[in-house]
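Shown next, in structure tokens, is the structure this report addresses.
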Amino acid sequence: MKMFKQGARLRTLWCGAAATLLLAACGGGGGQVEPFAPTRIIALGDELSLITPTSKKYSVNALVTQTDTTLPDKLDCKTYPIWVQTVATNFGLVFPQCNPDNVVTTNGVMYAQVGAKVADVKAQIDAHLASGSFNPKDLVTVLVGMNDVLELYGQFPAQSQATLLALAEQRGQALAEQVNRIVNANGRSIFVLIPDMGLTPFALTEKANKPASGSDLNRAAFLTSLSARFNSKLRLGVINDGRLIGLVNGGEMTQLIATFPGGYGFANIDKPACNVALPDCTTKTLTSTTDAAGTVTKADALTWLWADDTRFGAGMHARLGSTAYQAASIHPF
């Protein structure tokens, strides 16, 4: 298993790491392993990987520019792609849920579901294997756990901090078993560690509304700990042979962006960009903020990290998708 990072302080190292990975993919006899070229992409997980049957995404949805303003709004599902779309497009693959060019043969399979948790990914794999199989040219993407962490957090303080952290570890281990199940069934997988949920607008609101005092704790820090425990067990539990599974560290990615937002092109990291519920948010329904001087700033799909209280905006999806594609394209599957 390889880990792929982003960050201004890591860019120089990235080139060297990529070169090392490519060398590692070469056999001792001097013949370079052929770059991975999947013929199908299969998206497992929650709404961070979901395109609905009506082409909506749980992020900011773009609209087609129309000269006739009397016409109803029309979604442009290719613009502001979610991360799995970026991976698919770079490999020449298409999800049928977003196929405005009417490609005859679509080779993307969408199992991701809104609200999905680790147990649901097991069911998604069950459903796939009930009607087919995985093969070495399948790229199976896995991103889930955000909703598990939020569910566990919601059980505090009825459940103790220690109990909930242990349960987060159990969920991470359970997901690792499902990733291993994919590759043991002959698939190839890129999985993403979940974002640091302690950095979300939801977490910051919880921290402000329920300040640490007495037996209570820093709510944002607790969400960070739940995320970290989940990610740690997930990462340690997958098959680590350097070949069948690739890793993208979504947790570290959100932490780096939160620490150096301007360096990554983000203008806002603590407020939701949308003022309507997802997946109905479009570029016409972005929020505006007014500072003390009365200056109005409209949210931006690309430069605001979060679309809503817990889910990515288009800029984060673009960065995550680019990193996942790099991971898959240089990985010695």
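The values are calculated or read from the model by the stated rules, or taken from the named source; none is laboratory data. Quick caveat, the model's predicted, so the values are computed rather than measured. Cβ placement follows ideal geometry from the backbone for every residue including glycine, while neighbour counts extend to all protein chains displayed.
Between residues in segment 274-303 that are under 19 Å from Asp73 (Cβ atoms) and in contact (Cβ under 8 Å) with a residue 40 or more places away in the chain and residues that are in a loop (DSSP other than H, G, I, E, B) and of a type in the set (D, E, K, R), which pairs lie under 7 Å by C-beta distance while being six or more apart or on different chains?
Within 7 Å, the pairs are Cys274/Asp308; Leu278/Asp308; Leu278/Arg311; Pro279/Lys56; Thr282/Asp73; Lys284/Asp73.
I want to confirm something. Restricting to segment 52-98 and keeping residues that are part of a loop (DSSP other than H, G, I, E, B) and among the aliphatic types (A, V, I, L, M), which single residue is farthest from Pro279 (Cα to Cα)?
Of the residues in segment 52-98, the ones part of a loop (DSSP other than H, G, I, E, B) are 52-56, 58-60, 62, 64-74, 76-82, 91-98.
Going one step further and asking which of them are among the aliphatic types (A, V, I, L, M), we end up with 60, 62, 64, 71, 82, 93-94.
Working: Val60: 8, Ala62: 11, Val64: 17, Leu71: 21, Ile82: 12, Leu93: 23, Val94: 20 Å.
Of everything passing the filter in segment 52-98, Leu93 is farthest from Pro279 (Cα to Cα).
Specify the residue that is modelled with the highest pLDDT; the eligible residues are those in segment 65-90 that are in contact with a strand residue (DSSP E or B) (Cβ under 7 Å, 6 or more places away or on another chain) and more than 19 Å from Met316 (Cα to Cα).
Leu75
Of all residues in segment 197-218, which are surrounded by fewer than 22 Cβ atoms within 10 Å (Cβ to Cβ), touching a helix residue (DSSP H, G or I) at 6+ places or on another chain (Cβ under 7 Å) and part of a helix (DSSP H, G or I)?
Taking segment 197-218 first, the residues surrounded by fewer than 22 Cβ atoms within 10 Å (Cβ to Cβ) are 201-202, 204-218.
Those still in the list that are touching a helix residue (DSSP H, G or I) at 6+ places or on another chain (Cβ under 7 Å) too: 204, 206-207, 210, 217-218.
Within segment 197-218, Leu204, Glu206, Lys207 qualify.
Given the conditions (1) over 26 Å from Thr39 (Cα atoms); (2) surrounded by fewer than 22 Cβ atoms within 10 Å (Cβ to Cβ), and given that Ser131 satisfies all but one, which numbered condition is not satisfied?
(1)
State which residue pairs qualify: first residue under 18 Å from Thr259 (Cα atoms) and touching a residue at least 60 places away in the same chain (Cβ under 8 Å) and inside segment 188-217, second residue part of a strand (DSSP E or B) and basic (Lys, Arg) in any location, beta carbons under 9 Å apart, and separation of 6 or more residues or different chains.
Partner pairs satisfying both residue conditions: Pro201/Lys271; Leu204/Lys271.
Let's see how each residue does on (1) out of contact with any Lys or Arg (no Cβ under 8 Å at 6 or more places or on another chain); (2) closer than 22 Å to Ala228 by Cβ; (3) outside any loop (DSSP other than H, G, I, E, B):
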{"position": "Ala116", "(1), (2), (3)": "yes, yes, no"}
{"position": "Ser133", "(1), (2), (3)": "yes, no, no"}
{"position": "Glu151", "(1), (2), (3)": "no, yes, yes"}
{"position": "Pro157", "(1), (2), (3)": "yes, yes, no"}
{"position": "Gln178", "(1), (2), (3)": "no, yes, yes"}
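Suppose we keep only residues that are touching a residue at least 12 places away in the same chain (Cβ under 8 Å) and among the polar types (S, T, N, Q) within segment 105-128. Which one would you say is surrounded by the most Cβ atoms within 10 Å (Cβ to Cβ)? It would help to see each step written out before you state the result.
First, pick out the residues of segment 105-128 that are touching a residue at least 12 places away in the same chain (Cβ under 8 Å): 106-122, 124-125, 127-128.
Next, from what is left, pick out any that are among the polar types (S, T, N, Q): 106-107, 113, 124.
Working: Thr106: 16, Asn107: 19, Gln113: 18, Gln124: 22.
Applying the filter and picking the extreme gives Gln124.
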